[in-house]
1. Against the condition at pLDDT below 95, closer than 24 Å to Leu64 by Cα and part of a helix (DSSP H, G or I), how does Leu161 come out, does it pass?
2. Which residue pairs have Cβ atoms under 8 Å apart, sit 6 or more places apart or on different chains, and have a first residue in the stretch 1-22 that is over 14 Å from Leu98 (Cα atoms) and a second that is surrounded by 14 or more Cβ atoms within 10 Å (Cβ to Cβ) and of a type in the set (Lys, Arg)?
3. Any residue that is in contact with a Gly (Cβ under 7 Å, 6 or more places away or on another chain), surrounded by 14 or more Cβ atoms within 10 Å (Cβ to Cβ) and in a helix (DSSP H, G or I) - is there at least one of those in the stretch 177-192?
4. When both residues are 6+ apart or on different chains and their Cβ atoms are under 9 Å apart, which pairs have a first residue that lies in the stretch 103-125 and is over 15 Å from Ile184 (Cβ atoms), and a second that is basic (Lys, Arg) and part of a loop (DSSP other than H, G, I, E, B)?
5. If you go through the stretch 94-105 one residue at a time, do you hit one that is among the hydroxyl-bearing types (Ser, Thr, Tyr) and either over 20 Å from Ser44 (Cα atoms) or touching a His at 6+ places or on another chain (Cβ under 8 Å) (or both)?
6. What are the residues in the stretch 56-92 that are under 14 Å from the mean Cα position of the chain (by Cα), in a helix (DSSP H, G or I) and aromatic (Phe, Trp, Tyr), if any?
7. What about Asn196, is it at pLDDT 90 or above and closer than 22 Å to Arg60 by Cβ?
8. I need the full set of residues from the stretch 93-108 which are in a helix (DSSP H, G or I) and either within 14 Å of Tyr69 (Cα to Cα) or modelled with pLDDT under 95 (or both), in order please.
Amino acid sequence: MKQISAVEISAGAVFVGLMAIGANIAVWFPFLAIPIGGVSVPLSLQTFFAVMAGLMLGKRLGVLSMITYLLVGIAGVPVFANMKAGPFIFFDYTGGFLLSFIAVAFITGLMADKINNHKTGRYIGAALVGVAANYLIGVSYMYIAMNTWLGLDIAYQTAWLGMIPFLIKDIGAAFIAAVLIVRITSRIPSHTLAANR
């Protein structure tokens, strides 16, 4: 297995911090929480940062940074939404979205690793596939959680309908991520992260 460089560790750590910040936007701005099926789901920038991690760091380091983020939260550091921590967060209705960030970083990173010409359209495609993975895993998990151990009766369609504001936000963020990554990669020397994926 390829050794991880100091530059890669630093870049991964930055995304761990960004995920923690993105999770808690609604703590500082409480109006950014939307009620769905009797519960309140906070708006966050985590999907955006998970997509950016995959696009910028590649599949290997992107996945490692997302796993590190989850392990930090499981260990008790309040990095999850609403400043929560601990393993029991995965039994909440948003637990699937947390787990999906690993898939998001892997998929976007896998696609980004194959991009040679740094065209915005290719990055948009990778980012949108990452967003799709985030919602397929997250909404399905939320539906199962609500209808089983959380005791809330909600239809699968209702779960998806409630996520429309978030989905619109994350689709828009995917386009922003693609534009940003093209600008970033045009300024990063070839011997740094892009070459070490």
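The values are calculated or read from the model by the stated rules, or taken from the named source; none is laboratory data. From a predicted model like this one, the values you see are computed outputs, not experimental measurements. All Cβ positions, even for glycine, are placed from backbone atoms using ideal geometry, and neighbour counts span all protein chains on display.
1. When the stated conditions are applied, Leu161 does not pass them.
2. Within 8 Å, the pairs are Lys2/Arg60.
3. No, the stretch 177-192 contains no residue that is in contact with a Gly (Cβ under 7 Å, 6 or more places away or on another chain), surrounded by 14 or more Cβ atoms within 10 Å (Cβ to Cβ) and in a helix (DSSP H, G or I).
4. Between residues of the stretch 103-125 that are over 15 Å from Ile184 (Cβ atoms) and residues that are basic (Lys, Arg) and part of a loop (DSSP other than H, G, I, E, B), the close pairs are Asp113/Arg197.
5. no
6. Passing the criteria: only Tyr69.
7. Against the criterion (at pLDDT 90 or above and closer than 22 Å to Arg60 by Cβ), Asn196 does not qualify.
8. Gly95, Phe97, Leu98, Leu99, Ser100, Phe101, Ile102, Ala103, Val104, Ala105
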